[in-house]
Amino acid sequence: MKTITDTVTITELSRLTNKSRPTIYKWLTLYENEKRDEMPQVIAQLFDLIVDSGSKKEVYQFCEDQFVSIDDDENLEEIFRLLRTYRSKLNLEKIRNFILEEMNK
């Protein structure tokens with residue numbers, strides 16, 4: 001059976017969900033012990049996606065849809081600001097390809 005960490009690391013999950021690693025470990029233990037009612041439903045859905053068939057790209061997309069708020073993420077805001085400011089000087093296709101390549105690892 002595929003495990004959660006076959007697809008993403010605990011550190012990645014922590015960053016993607018904006019939760020601490022100890023919280024991720026707690027939820028992982030609950031999930032593995034089939035105690036879904038003691039964890040957030042969205043986390044159970046995320047873990048289901050990972051175990052059932054989720055690629056890293058699908059996991060990142062799910063987390064972006066569920067957990068990322070551009071207003072709450074200063075790094076993301078800064079990246080968007082830099083992209084907008086310097087887009088005429090940047091090779092956006094190369095940046096896009098880099099991101100897609102990273103997602104397939």
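The values are calculated or read from the model by the stated rules, or taken from the named source; none is laboratory data. Just so it is clear, the structure is predicted and the values come from calculations on it, not from any experiment. In this analysis, Cβ positions are derived from the backbone assuming ideal geometry, glycine residues included, and neighbour counts consider all displayed protein chains. What goes into the accessible areas is simple: the full protein's heavy atoms, side chains included, and nothing from ligands, DNA or RNA. Shrake-Rupley method; radii C 1.70, N 1.55, O 1.52, S 1.80 Å.
Please compute the contact order of the chain in relative form: average sequence separation of alpha-carbon pairs under 8 Å and at least six residues apart, divided by the residue count, as a percent.
Numbers: 58 pairs, mean separation 29.2, N = 105.
Averaging sequence separation for qualifying contacts and normalising by length gives 28 percent for the chain.
Cβ under 13 Å from Thr85's Cβ, Thr85 left aside: what net charge do those residues give with Lys, Arg +1 and Asp, Glu -1? Intermediate results must be reported in sequence, preceding the final value.
Details: positive: Arg81, Arg84, Arg87, Lys89; negative: Glu77, Glu78.
Summing Lys/Arg as +1 and Asp/Glu as -1 gives +2.
Once phi is turned into θ = phi - 60°, what whole-Hz ³J(HN,Hα) does the Karplus curve with 6.51, -1.76 and 1.60 give for every residue of region 80-86, x standing for Gly and Pro?
Once θ is set to phi - 60°, the couplings for region 80-86 become 4, 4, 5, 4, 5, 5, 10 Hz.
Can you send over the carbon and sulfur percentage of the accessible area for the chain, probe radius 1.4 Å, protein chains only?
Values: 3690 of 7610 Å².
Of all accessible area on the chain, carbon and sulfur atoms account for 48 percent.
Explain nothing, just compute: Karplus ³J(HN,Hα) = 6.51 cos²θ - 1.76 cosθ + 1.60, θ = phi - 60°, for every residue of region 24-32 in order, whole Hz, x for Gly and Pro.
Along region 24-32, the couplings run 4, 4, 4, 5, 4, 5, 4, 4, 5 Hz.
Please give the per residue accessible area of the chain, computed with a probe of 1.4 Å over protein heavy atoms only, in Å². It would help to have the intermediate numbers written out before the result.
Details: 7610 Å² over 105 residues.
That works out to 73 Å² per residue.
Could you work out the helix-only [θ] at 222 nm for the chain, with each DSSP H run of four or more residues adding -39,500 (n - 2.57) and the total divided by the number of residues, to the nearest 500 deg cm²/dmol?
On the way: 6 runs with 69 residues, N = 105.
Per the formula, -20000 deg cm²/dmol.
Hey, what angle do you get for helix 41-52 against the long axis of the chain, alpha-carbon based, 0 to 90 degrees rounded to 10?
90 degrees
Counting Lys and Arg as +1 and Asp and Glu as -1, what is the net charge of the other residues whose Cβ lies under 12 Å from the Cβ of Val42? Please report the intermediate quantities before stating the final value.
Numbers: positive: Lys19, Arg36; negative: Asp48, Asp65.
Spelling it out: positives minus negatives among the neighbours equals 0.
Can you give me the convex hull volume of the Cα atoms of the chain, divided per residue and expressed in Å³? Walk me through the intermediate numbers first.
Working: hull volume 10.6 nm³, N = 105.
Once divided by residue count, the hull of the chain is 101 Å³.
Within the set of other residues whose C-beta is less than 11 Å from the C-beta of Leu13, count the net charge using Lys and Arg as +1 and Asp and Glu as -1. Walk me through the intermediate numbers first.
Values: positive: Arg15, Lys19, Arg21; negative: Glu12.
Spelling it out: positives minus negatives among the neighbours equals +2.
What is the helix-to-structure angle for 92-103, meaning the angle in degrees between its Cα long axis and the longest Cα principal axis of the chain, kept from 0 to 90 and rounded to the nearest 10?
20 degrees
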